[in-house]
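Student: Take a look at this one; I'll ask things after.
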Amino acid sequence: MTDDELPALIWRVDRALGGHNFNRAWQIVTGRGESDLGGDGWLEVVHPEDRKAFAFLRNPSPDPAASSLDIRIQDQDGRHCWFLVNCGGGAESPGRAFVALPIDARKSAESARERELADVRAMLDNAPTMMWRTTASGEMDYANDRYLKAWRQKWDLIKGWGWKNSVHPEDRDGIVNYWTVHRLTDGDGTYEFRAGTPDSGYRWYLSVCTARRDVDGNVLQWYGATFDIEARKQAEERLRRSEAFLRQGQTISKTGSVGANLVTNEHYWSEETYRILELDQSVAPGFDAYLQRVHPDDLKQVLSAFEHIKRSGGGIEFEHRLAMSDGRVKHLRIRVNPAQPGNDRMNPIGVIMDVTAAKVAEEEMHRAQEDLTRVARIATMAELTASIAHEINQPLAGILTNSEASLRWINRPEPDIAEAREAIERTVVGARRASEVVRQLRALFSRKDPHPIQIDLGDLVRSTLPLMRSHVSQHKGSVSVDLAADLPLVFADPVQIQQIIINLVMNGLQAPGKEGAGRRLVIETSHVADEVTLSVTDDGLGVDEKDLVHIFEPFFSTKTEGMGMGLSICRSIVEARGGRIFVRNNRSSGATIGFTLPVERPN
């Protein structure tokens, strides 16, 4: 292979001729030919800062030894590229032979490494913590600027084992002994200590370290970081004091905690204590601040209790009142535990409990106890009697009416057996219904579950209306129905739902209206989403707005002769099946009352 075929720059330099024999690579790289490069022309493409590297060629007796140079040569685009130049020749050679290989990639990598090392040095010096390094034997050989500034020391004073002189005297032997032993291991280390100077004071620090190892696992160096934990240590101390009395306070009761040092007269109050006393937390805790809230009538008692605590540090329990600035009175129960040995000077610790609500409730309970007992007994019997009377009255009235009608049909000159039979059949139906009502009421009051089944509200309306025929006629009323087709089934007790329908119809017939005018009722059923609705609408005067919120309450009635149990029982039945009952006044006249039941199947 000839010189022109090689990618390297090849040329010779003689003292007499200068540069000559430039291979073709020179023209490819620099864009210059033999005529431009000959003599000293080739030096023009060498970077000015690198030309002095070839000064040895001008010496009368140049060093014949071979050498290597890193230089920059300008290419035909004007960019300087790095080359590694190997210079050959000897004492008997008339000149020197040079071979230049491109090393731009190597130089770029070296520059990148230098920048990276510079970044690492800058990071170590500017890291927001103190960083250091020691030899495998434990002698410090590096510390960053933050370390030196924090400890207010110079490198010459802390290198090696000099760092230990900045450690607090009480902690010095401990950390030195720890480090002496730990450096013989290969695990991570951690140690808390105080460092500083007697003049500037000492702060708490935490040092951690980890080993750098060779491929065989041998420790080469130790890398470490030191953190300022003074704020954490102060917080831990405050927390430790707080927990000392809070733990005992919580053992007694989950209320405000208090503590006192009877020697230094220092007091400690929890946030709950401030809240109970209604004092701002800027108020210094103490006996004087507490006494400002004590009720005047209880002041002597509280002072006596405080004197007992101050004198003996013993435990005590008592109650007293607070007089608040707005005239309110609070009742407190105070419990104080006696001072315990080794309690870190916390001495007496106690709790204050706001028992105002309990005191008020206790007083009201005493006042109402006698009346409550009597009312509860009467209400139980009255509810049972009223429910039976209300629910039985309707079928009994129907039985009486139908019985009288059957007698009239039989007593005619020509007895109408068909009509009499029909009246007697209605009597039997009414008697059975009365029997079912009694059974259901007994089940209700004995807490026995009804017997729900799947029912069609439309069918139930159709079977119920014939039982109401005489009552509708008596009130000169009329009932029309608007029953939705394909109504989903609901799961309920049919007797209970029939009771509701009868109650709603009776309320509609008895609703106040114009003098002498009969009632016109409309019974509707509908289905929306997973609910079936049944409503009864009348054309009366409606319900007074103030009565709407009370209409379903027990013993509430808008009728003089009413007992106020019907709608209350209706609500109980509906809500027991997961439904709801409602009432509203119509825009034109009258009111609409009804209920919804969920569409569901039995489990």
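Student: Go through region 118-143 and report how many residues are without any contact (Cβ under 8 Å) to a residue 24 or more places away in the chain and closer than 18 Å to residue 196 by Cβ.
Tutor: The number of residues fulfilling the criteria is 2.
Student: Just for region 275-303: of the residues that are within 19 Å of residue 263 (Cα to Cα) and of a type in the set (Gly, Ala, Ser), which one is surrounded by the fewest Cβ atoms within 10 Å (Cβ to Cβ)?
Tutor: 284
Student: Moving on. Looking for whichever is touching a Ser or Thr at 6+ places or on another chain (Cβ under 8 Å), hydroxyl-bearing (Ser, Thr, Tyr) and not assigned by the TED database to the domain that holds residue 83 here; the options are 180, 134, 190. Which one fits?
Tutor: None of the others qualify; the one that does is 190.
Student: Just one of the numbered conditions (1) in a helix (DSSP H, G or I); (2) open to solvent by less than 80 Å² (accessible area, probe 1.4 Å); (3) small (Gly, Ala, Ser); (4) modelled with pLDDT of 85 or more is not true of residue 55; which one?
Tutor: (4)
Conditions tested, residue by residue: (1) at pLDDT 75 or above; (2) within 30 Å of residue 239 (Cα to Cα).
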site	(1), (2)
328	yes, no
340	no, yes
355	yes, yes
362	yes, no
370	no, no
397	no, no
401	yes, no
411	yes, no
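Student: Next question. Go through 542, 566, 477 for me and flag whichever is modelled with pLDDT under 85 and small (Gly, Ala, Ser). Walk me through it before giving the result.
Tutor: Working: 542 fails: modelled with pLDDT under 85; 477 fails: modelled with pLDDT under 85.
Just a single option satisfies the conditions, and that option is 566.
Student: If a residue must be open to solvent by 80 Å² or more (accessible area, probe 1.4 Å) and in contact with a strand residue (DSSP E or B) (Cβ under 6 Å, 6 or more places away or on another chain), how many such residues does region 4-48 contain?
Tutor: The total comes to 2.
Student: Follow-up question, since we're still on this one. Tell me whether region 506-529 contains one or more residues that are open to solvent by 30 Å² or more (accessible area, probe 1.4 Å) and touching a helix residue (DSSP H, G or I) at 6+ places or on another chain (Cβ under 8 Å).
Tutor: yes
Student: Pairs under 6 Å by beta carbon, first residue within 13 Å of residue 311 (Cα to Cα) in region 261-274, partner buried (at least 17 other Cβ atoms within 10 Å of the Cβ), six or more apart or different chains?
Tutor: Close Cβ pairs satisfying both conditions: 261/347; 262/347.
Student: Would you check which residues across region 116-140 are open to solvent by 70 Å² or more (accessible area, probe 1.4 Å), assigned to a helix (DSSP H, G or I) and either within 21 Å of residue 200 (Cβ to Cβ) or not basic (Lys, Arg) (or both) and list them?
Tutor: Result: 116, 117, 119, 123, 126.
Student: From (1) among the polar types (S, T, N, Q); (2) at pLDDT below 85; (3) assigned to a helix (DSSP H, G or I), pick out the condition that doesn't hold for residue 301.
Tutor: With respect to (1) among the polar types (S, T, N, Q); (2) at pLDDT below 85; (3) assigned to a helix (DSSP H, G or I), residue 301 is out only on (2).
Student: Mind listing just one residue for me: the one in region 82-97 that is buried (at least 17 other Cβ atoms within 10 Å of the Cβ) and modelled with pLDDT of 90 or more and, of those, nearest to residue 56 (Cα to Cα)?
Tutor: 85
Student: I've got another one for you. Which residues, taken from region 406-428, are in contact with a helix residue (DSSP H, G or I) (Cβ under 7 Å, 6 or more places away or on another chain) and either open to solvent by 60 Å² or more (accessible area, probe 1.4 Å) or under 13 Å from residue 395 (Cα atoms) (or both)?
Tutor: Selection gives 409, 410, 415, 419, 424, 426, 427.
Student: Right, something else. Report the residue count in region 304-331 for those that are open to solvent by less than 20 Å² (accessible area, probe 1.4 Å), in contact with a Pro (Cβ under 9 Å, 6 or more places away or on another chain) and on the phi < 0 side of the Ramachandran plot.
Tutor: Looking only at that region, the number is 2.
Residues checked against (1) among the hydroxyl-bearing types (Ser, Thr, Tyr); (2) open to solvent by less than 20 Å² (accessible area, probe 1.4 Å):
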residue	(1), (2)
101	no, no
113	no, no
147	yes, yes
162	no, yes
176	no, no
180	yes, no
189	no, yes
195	no, yes
206	no, no
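Student: Any chance you could count how many residues in region 342-351 are modelled with pLDDT of 75 or more and in contact with a Phe, Trp or Tyr (Cβ under 9 Å, 6 or more places away or on another chain)?
Tutor: Residues flagged as modelled with pLDDT of 75 or more and in contact with a Phe, Trp or Tyr (Cβ under 9 Å, 6 or more places away or on another chain) within region 342-351 amount to 2.
Student: A further question follows. Give me a count of the residues in region 137-173 that are of a type in the set (Gly, Ala, Ser) and under 49 Å from the mean Cα position of the chain (by Cα).
Tutor: Here the count works out to 4.
Student: Only one residue in 595, 555 is of a type in the set (Phe, Trp, Tyr), under 43 Å from the mean Cα position of the chain (by Cα) and either at pLDDT below 90 or open to solvent by less than 70 Å² (accessible area, probe 1.4 Å) (or both). Which one?
Tutor: 595
The values are calculated or read from the model by the stated rules, or taken from the named source; none is laboratory data. Being a predicted model, the structure only gives us computed values, none of them experimental. Every residue, glycine among them, receives a Cβ derived from its backbone with ideal geometry; neighbour counts consider all protein chains shown. SASA here: full protein model, heavy atoms, side chains in, ligands and nucleic acids out. Shrake-Rupley method; radii C 1.70, N 1.55, O 1.52, S 1.80 Å.
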